[in-house]
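Below: the structure, in structure tokens.
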Amino acid sequence: MQILGHPAVAAFFREQRNHSSGSSRVAVFDCDGTVIKGDIGEAMFYRQIERFLFQRSPAEVWPDHPANALLDSLYRRLARMTETERPASAEFGLFADLLVSWYVDQIAAGQVNKACTDIVRLLAGFTIDEVRGIARDTFADETSAPLATRQLGSRSPARGIRFLREGRELAEELLRRGFEVWGVSGSNRWSVEPVFASLGIPPSRILGIDLHVQDGVLTTDEVEPIPIREGKIAALRRHTVAAPLLVASDSKNDIPLFLYSEGLRVRINSRNRDTADFFRSPGVDRDSRWVLVENPEIIDAL
């Protein structure tokens, strides 16, 4: 069944016909796993490693990395190599391993906020325009690349991003009907801007992990609140966004955001997670406000 033909979604839009044009109607969308299949923030992190796009040594940015001295030594040796020499060197494989493993291991340990913020801190030293350029290049490359894996040291993370029909069509229909649609992501905000821009959502309505700027360049200091779990609600409130009438996401991490919705809660199960566990684990009642999309359709960029 197409998402716009789902009984609860159709009923929701019928109810909205009588809405006063003078008041705002807000809908909130997660990005990774909801609008797209894949993780655009991770993809940008991997591109940064592959292209050796750093203004500062990762060892300076990550002083708590367990192999900090080795990481710094590898970075400085690699920085002296040419673009041709670097990818083929043994040092590059070890350097990539140290970066990717630090991120992956923190995620596995449940340190999601820190892991996601750490990879954004690696953008320190760039201007916002430069980072947006990396983000645009990442989006263009990932949406055209085959769905496969890439090799980074001993790791083989995913490669390729595709849109999910249900998330995309729902966001576009909400925009068509005059909703104020916000994108709220635990990825860096610049990485998700091109994703939402393709739907017609401007950067001013995109919230993601952000860094403070000093003397025209990004610092290693993150902007609070971090938009992960309850932090997504705090980020929306910080921008004085009204409580949403619809929330769409794929993740159990977004249960607080789902429950913040005053109307529909659209769960797009793009990662094939157990639906019963999704409700059972946090003790959430599955009532009529929930719309469950199992096996969403993957489509190419439009």
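The numbers here are math on the coordinates, done by the rules we state, and not lab data. Since the model is a prediction, treat every value here as computed from it, not as a measurement. Using ideal geometry, Cβ is built from the backbone for each residue, glycine included, and neighbour counts are taken over all protein chains shown.
Find how much the distance from Ser156 to Ala234 grows on full extension, using 0.36 nm per residue of separation minus their present alpha carbon separation; answer in nm with one decimal.
Length gained, Ser156 through Ala234: 24.6 nm.
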Normalised contact order of the chain, rounded percent, pairs of Cα under 8 Å and 6 or more residues apart: 24
Given the options Ser288, Ser261, Ser198, state which has the largest fluctuation in a GNM of the chain using a 10 Å cut-off (strictly under) for Cα springs. Ser288
Prolate/oblate/rounded label for region 91-213 (Cα gyration tensor, a/c 1.5): prolate
Just grab the label-to-label distance for Arg136 and Ala90, each label 7 Å out from Cα along the Cβ direction, in nm (one decimal). 4.1
For the chain, set up a GNM with springs between Cα atoms under 10 Å and report which of Glu15, Glu60, Glu180 has the largest fluctuation. Glu15
Per residue of the chain, what 222 nm ellipticity follows from adding -39500 (n - 2.57) for every DSSP H run with n ≥ 4, rounded to the nearest 500? -12500 deg cm²/dmol
Ranked by GNM mean-square fluctuation in the chain (Cα springs under 10 Å), the top entry among Leu211, Leu259, Leu170 is Leu259
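Please identify the helices of the chain, taking whole runs of DSSP H, that span at least 18 Å along their own axis as judged from the Cα atoms and have a mean Kyte-Doolittle score of 0.5 or higher. Please report the intermediate quantities before stating the final value.
Numbers: long enough: 90-108 (26 Å, 0.94); 128-144 (24 Å, -0.56).
Those that clear 18 Å and a mean of 0.5 are 90-108.
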Relative to the present Cα-Cα distance, how much length would full extension add between Thr127 and Asp287 at 0.36 nm per residue of separation? 53.0 nm
Heads up, region 40-159 by the C-alpha gyration tensor (a ≥ b ≥ c square roots of eigenvalues; a/c under 1.5 rounded, else a/b over b/c prolate, else oblate) looks rounded
Magnitude of the Cβ-charge dipole of the chain, K/R +1 and D/E -1, about the Cα centre, nearest 20 debye? 520
Taking the alpha-carbon centroid of each part, what is the distance from region 27-101 to region 149-227 in angstrom? 19
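Please state the shape class of region 145-302: rounded when a/c is under 1.5, otherwise prolate if a/b exceeds b/c and oblate if not, all from the C-alpha gyration tensor. Don't skip to the answer; put the middle values down first.
Numbers: a/c = 1.38, a/b = 1.11, b/c = 1.24.
Judged from the Cα gyration tensor, region 145-302 comes out rounded (a/c under 1.5).
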As a percent rounded to 5, the proportion of antiparallel DSSP bridges among beta bridges in the chain is 35
